[in-house]
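**Q** Here it is, the structure, as structure tokens.
The values are calculated or read from the model by the stated rules, or taken from the named source; none is laboratory data. A quick note: this is a predicted structure, and the numbers were derived from the prediction, not measured. Cβ: placed from backbone, ideal geometry, glycine included. Neighbour counts: every protein chain shown.
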Amino acid sequence: MTHSTDSILEDLTYRYATKEFQRDQRIAPELLNCIEQSLILTPSSFGLQPWKFFIISDQTLKDKLVEHSWNQQQVSQCSELVVLTAQAPISERHIDEFLESQIAIRGGSMEELSGYKSLMIGFINNMSEEQKLQWAKQQVYIALGQLLTICATLKIDACPMEGIQPAQYDKVLGLSGTEYSTTLACPIGYRSENDAYAQMSKVRFPVEKIVEHIQ
């Protein structure tokens, strides 16, 4: 099945940062599975996937995270709260795990991939610990884009949030002291009829201002 250009743009226009969700409308399991699989398919630098995604359905836990989200009620109202975390520092062990997975799926041997491994290790070792974390967080934003796009095509509403307290999220989720750290959160679900923002036209610069063709 293919989508027309009109339907794609219609889906993306439909999407907005939802301010109020319907509390009693849940995302169907098959749609949630599609979202989960789309996150797994997100591209990343070298294919290293330096992240972990927490999909929170537990109402008590969502309620607890509201105070660490500057009291944004979408965190509590949504069907699921997706917390996107960065994995850092990436180590040689992680690179080995990735290559072993590649061999299991595509075949080959570690010896054949030794050059690729050296390239990745050199890239990682050339960064400070802080730079490794920032690199991983930048990868997480690619996953956020994937999440927002697939939600739009499924007519599921979302609200990406940087306005959270990542360290407090880490405490609540038991991530403190682990290799994972919260980067951002994204409530997903279905918009409330009371959300006035749903009817507002998008405010975007014209294409000639922000897109330039170089031929």
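**Q** Would you point out the residue of the range 73-101, among those that are in a loop (DSSP other than H, G, I, E, B) and under 19 Å from the mean Cα position of the chain (by Cα), that is surrounded by the fewest Cβ atoms within 10 Å (Cβ to Cβ)?
**A** Applying the first criterion (in a loop (DSSP other than H, G, I, E, B)) to the range 73-101 yields 73, 78-79, 88-91.
Now restrict to residues that are under 19 Å from the mean Cα position of the chain (by Cα): 78-79, 88-90.
Values: CYS78: 29, SER79: 22, ALA88: 24, PRO89: 17, ILE90: 26.
Among them, the one singled out is PRO89.
**Q** How many of the residues in the range 169-203 are over 23 Å from GLN134 (Cα atoms), of a type in the set (Ser, Thr, Tyr) and not in a helix (DSSP H, G or I)?
**A** 3
**Q** I need the full set of residues from the range 159-214 which are surrounded by fewer than 16 Cβ atoms within 10 Å (Cβ to Cβ), of a type in the set (Ser, Thr, Tyr) and farther than 24 Å from GLN138 by Cβ, in order please. Write out each step before concluding.
**A** Narrowing the range 159-214 to residues surrounded by fewer than 16 Cβ atoms within 10 Å (Cβ to Cβ): 162-163, 165, 167, 171, 174, 176-178, 193-194, 196-214.
In the following step, the residues that additionally are of a type in the set (Ser, Thr, Tyr) were identified as 176, 178, 197, 201.
Those that are surrounded by fewer than 16 Cβ atoms within 10 Å (Cβ to Cβ), of a type in the set (Ser, Thr, Tyr) and farther than 24 Å from GLN138 by Cβ: TYR197, SER201.
**Q** Quick one: in the range 1-27, of everything that is surrounded by 11 or more Cβ atoms within 10 Å (Cβ to Cβ) and charged (D, E, K, R), which residue is nearest to SER192 (Cα to Cα)?
**A** This residue is GLU20.
**Q** Right, here's the next one. With respect to ILE103, is the statement that it is over 30 Å from GLU67 (Cα atoms) and of a type in the set (A, V, I, L, M, F, W, C) true?
**A** Values: over 30 Å from GLU67 (Cα atoms): yes; of a type in the set (A, V, I, L, M, F, W, C): yes.
Answer is yes for this residue.
**Q** Looking at the range 4-27 only, could you name the residues that are at pLDDT 95 or above, among the small types (Gly, Ala, Ser) and part of a loop (DSSP other than H, G, I, E, B)?
**A** Selection gives nothing.
**Q** Out of the residues in the range 102-118 that are surrounded by 11 or more Cβ atoms within 10 Å (Cβ to Cβ) and of a type in the set (A, V, I, L, M, F, W, C), which is nearest to GLN49 (Cα to Cα)?
**A** ILE103
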